[in-house]
1. Per-residue mean of other chain beta-carbon atoms within 10 angstrom of the beta-carbon, peptide A:78-90?
2. What shape does chain B have by the C-alpha gyration tensor, where a ≥ b ≥ c are the square roots of the eigenvalues, rounded means a/c under 1.5, and otherwise prolate means a/b greater than b/c and oblate the rest?
3. Would you mind checking the pairs B:LYS380/B:LYS467; B:LYS30/B:LYS484; A:LYS305/A:LYS368; A:LYS81/A:LYS223; B:LYS250/B:LYS359 and listing those with alpha carbons more than 29 angstrom apart?
4. Amide H of A:GLU249 versus every other amide H placed in the peptide plane: which residues, excluding those fewer than 5 positions away on the same chain, fall under 5 Å?
5. Counting only other chains, what is the mean number of Cβ atoms within 10 angstrom of the Cβ of each residue in peptide B:99-108?
6. If each DSSP helix of 4+ residues adds -39,500 (n - 2.57) and the sum is divided by the residues in chain A, what number results at 222 nm, nearest 500 deg cm²/dmol?
7. Quick one: Karplus J couplings for segment A:245-260, per residue in order, coefficients 6.51, -1.76, 1.60, θ = phi - 60°, nearest Hz, x for Gly and Pro?
8. For A:LYS3, what charge total do you get from the other residues with a beta carbon under 11 Å from its beta carbon, if Lys and Arg give +1 and Asp and Glu give -1?
Amino acid sequence: MSKDYEVVIGLEVHVELNTKTKIFCGCSTEFGGAPNSHVCPVCAGMPGSLPVLNKEVLHKAIAVGLATNCDITRDSKFDRKNYFYPDNPQNYQISQLYFPICRNGKVEIELKDGTKKFVRIHEIHMEEDAGKLVHDAATDETYVDFNRSGVPLIEIVSEPDMRSSEEVIAYLDTLRETIQYLGASDCKLNEGSMRADVNLSIREKGSEEFGTRTETKNLNSFKAIQRCIENEIGRQIDIIEEGGKVMQETRRWDDDKEYSYPMRSKEDAQDYRYFPDPDLVPIHVSEEMINEIKAEEPEFRPAKKIRYQEELGLPEYDADQITSEKHLTELLEGAVALGADAKKVSNWLMTETMRLMKETSTDADKLKFSAENLAKLVKLVESKEINNAVAKEVFEKAVFAENLDPEQYVKDNNMSTKADAGQLEAVVEKAIAANPKAVEDIKAGKSKAIGAIVGFVMKEMKGKCDPGEVNKLINQKLN
Amino acid sequence: MEKEKILALTAVELGKAIAAGETTSVEATKAYLDQMDAVEGAIHSYVTVEAESALAAAEAADAAIKAGTLTGPLAGVPIAVKDNMCIEGSRTSCSSHILENFVPTFTATAVKRLQDAGAVILGRTNMDEFAMGSTTETSYYGPTSNPWNLEHVPGGSSGGSAAAVAADECAMALGSDTGGSIRQPASFCGVTGIKPTYGRVSRYGLIAYGSSLDQIGPLGKDVTDCATVLEMISAHDEKDSTSADRDDIKFTEALVDDVKGLKIGLPRDYFGEGLDPEVKEAVLAAAETLRLKGAIVEEFDLGLVEYAIPAYYVIACAEASSNLERFDGVKYGFRTPDYADLHSMYKKTRSEGFGPEVKRRIMLGSFVLSSGYFDAYYVKALRVKHMIKDAFDKAFEKYDVILGPCAPTTALKKGQSLSDPLKMYLGDIYTVSVNLAGLPGISLPCGYDANGLPIGLQLLGQTFDEKTIIRAAYSFEQTFVDEKKKPDLTAVEGRA
């Protein structure tokens, strides 16, 4: 590389809102279901049907706009984007071009080295999702499933403010957290409830002008986004270095082969013939409505992080990790409210929960463990009803089971490690008598030698006692 | 009751006769079906006659009336519905090839309200394809003839509905009006028609032409029938975002013979060049009648009339080009039998499925929406639309009713306008502004030309003020001496 280049990236992020019903009709948005089972004349584009806006969609779009510091458009409108494709039942998509619901926002992102910066949001608009084409290889026929047709989406369009893949990931993470905290979407890239298109161009460092950008689609994981950005930066720099020109085009990323290929060039760009949808009346957003939505705003991650440290006394690291997933904060706050010790709950979430999530590739919201059961488990350990090893065993069972009550489970499976005090004392005495060498070492100051005696006790007790307590007892006896 | 007596009744009169036990819904339905047998071969008001389901509905209505569970002015009364309103289980083709086999899974709200009131649906009336036309000649299923003179068109696009009422093939009919499609055929066929205020009647189930202009309305034998039906179909519908939620819908209360002090404005722009002298004479005579009955009649300048047609065709065609995209051969309707790939399927299906006038308007609409032309045409047309509304608002500060002709001429001869679409578009000059401004309008007979073709009088009212124009129309109707009343169909009977 002979020159110093700078990458300029803007994102178009589609987020599927988690309303119960579709954006313009009463059909269920539930994923799955037999093809065309969540379909009515409206979302199937039947002649004579008319769209009616689901207020919940508007509500959630405004909530996302407020959380990302946008101006809310007081008089917003829907427009039709006209293009022919079989998954698009009317052959136009109802979207917003001229008066999107939110504009001029910004979100603060934090990079790994602690630096912070703002990414500006150009606009957020509401639109309907399309159906899905299903190809039957056996008959060589293609079928259309309109279950997804009319599922509400918001598209969040950023300004070209990002300068590295790290910034892009930080921006997406911030959006995801914010929207999850709002309860507006689960924002899962791999399931398609969050989709990102990357607009990227290269320019010489210090240049004020933008280079020609490409738009890359089909990115369904953070890793794919990162790989695609690195790949596209390299591709564009190579072209420029070789004296060529980057073409303005839409590209498709193939994450298996780790390369992108052009889908359509600017010349092929369709004329969508946007115009205001006459079937939908303009949307007026009142001050009152904005205030209402604001009042319902949850505590977001930055505030929660500070509160966890100040009120719950958690270390910064813990507060950061737990607040990365809204569901973990719900478990923590729920268990603490039931009287469990915050740090102990946090330890369970940070170590065991996160380990199990990683090992089984499970998202936090799929955890079956309730805050109540977590609190019970913590208390079982605290009261020495069970030791840590047993607690882990119970936890592993409970984490993916529907409402497994740890108290009941310990009882039913006779897992209590609470030893009879008299019995334990007798065993400790027996252990001391049986390990004169260790006793001698301890007395000589080799405190680690206690392990042999503890081990003897644990073996005799068949694990049903608390190692900490055993330790204490041995020391008492020897002093 | 014998057939002639039934056919001579208005819808409301027939409803009363059925309620009084003087006749039955089945008897009335049979009378209309008989009349169709006699005259349909010559007139062709219907695309589809649904005799079987009509008789079944009539039997059910008679039983419910007898049981006392069904009352109301339209209980058991046979009516017709324009072929662009969805009815569950009833082929709804919009008189197009592309929807030749289309059977909806739901019923349009306006139609449902009449069904619930006990009306019996006789069949689906002919229309210009997708309501695009002013003559009913663009129908894929062949033209409808004007009952007053079979060589002439019935007007359009609700030509089938107007002709069916005029030829006594139904007691009343539903039509739709995007640029005059109820009022102009009513005028050509010597019947009464109301285009309600935009938003008054739900559009749910009406297959859209120009969504921001379309309204469903009644075509009937007199003002009373139209007011009665309008009252029944006006209601807020949560399935139509543009439907109004208002309670000023007791239109029958406005059936009062009193125009004393009513301020009526005659726009000079509606009486200038291009207006047939016989039409002018009849309409001015109608104004004089109202003046003699105590109304204050004045001439004024409305303005902007010459901009109404271009603005209308830009907006209506733009919306139509998008509304008609869903007819693509993928989900329902006609699909071309031979195609190479998806693109060729779309292209061939739409090329073969749509008629020339529909294609012309799709192309015009696509053009005015395309990038680079959008501002010059579509946005400008919207601006004109607002200016026209402002001009009417200003006029209605002074007048309660605006009076003028419905069309520049009486019914044209068949074939005259198809060859010259621009000429056909110009025939909409007095009707399209009303749709652009969203106002209510009524058309009712006010005379005949030398050839015996009916002349229509148009009364326009302020937004949601149907009552005032209904009162003015009713008053005129009470005084107007209609020397013919009905077309003479004895010559066509039995002609197939």
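1. Neighbouring Cβ atoms belonging to other protein chains average 4 per residue here.
2. rounded
3. Beyond 29 Å between Cα atoms: B:LYS380/B:LYS467; A:LYS81/A:LYS223; B:LYS250/B:LYS359.
4. A:GLU215
5. Mean shielding by partner chains, rounded to a whole number: 2.
6. -11000 deg cm²/dmol
7. Running phi through 6.51 cos²θ - 1.76 cosθ + 1.60 with θ = phi - 60° gives 10, 6, 8, 6, 7, 9, 10, 10, 8, 10, 6, 5, 8, 6, 8, 10 Hz.
8. Net charge around A:LYS3: -2.
A short reminder: the numbers here are calculations on the coordinates, not readings from a lab. Since this is a predicted model, take the numbers as computed values, not measurements. Neighbour counts run over all protein chains shown; Cβ positions are idealised from the backbone, glycine included.
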